[in-house]
1. Considering every pair of different Cα atoms, what Kirkwood radius, in Å, is found for region 19-71?
2. Report D for region 3-43 in µm² per second (integer): Stokes-Einstein, Kirkwood Rh on Cα pairs, 25 °C, 0.890 mPa s.
3. List the residue ranges in the chain for DSSP H helices whose C-alpha atoms run 15 angstrom or more along the long axis and whose Kyte-Doolittle average is -1.0 or above.
Amino acid sequence: MVQLLVLVEVLFIFLLIILLGYSLGKFKLVSDRFADDLNTLMMNVTLPMMLINSFIQPFSQELTEQGLLIALVTIGCLLMSFLVGLLF
């Protein structure tokens, strides 16, 4: 239940950011050049930093086991897809 609340909170923040950006553009409070520069900053700096930050978690045996299971399932799915591709 806690994870659902965190997800809703994050989605709400994203919605507010989207509405802010739309409003600023609609009322011409930012120029097209500024919007392009901001987009470049978001894609080249902020997004990679957020991605790296999301991976930072304390080590736990359970997390390692889950990661290994996900890797094995992924490899199994890829092999199965490859074999199905050979049939057709």
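Computed from the coordinates by the stated procedures, all read-outs in this text should not be read as laboratory data. These figures come from a predicted structure and were not determined experimentally.
1. So the Kirkwood estimate lands at 14.2 Å.
2. Answer, rounded: 214 µm²/s.
3. Details: long enough: 2-26 (36 Å, 2.25); 61-87 (39 Å, 1.60).
Result, helices passing both filters: 2-26, 61-87.
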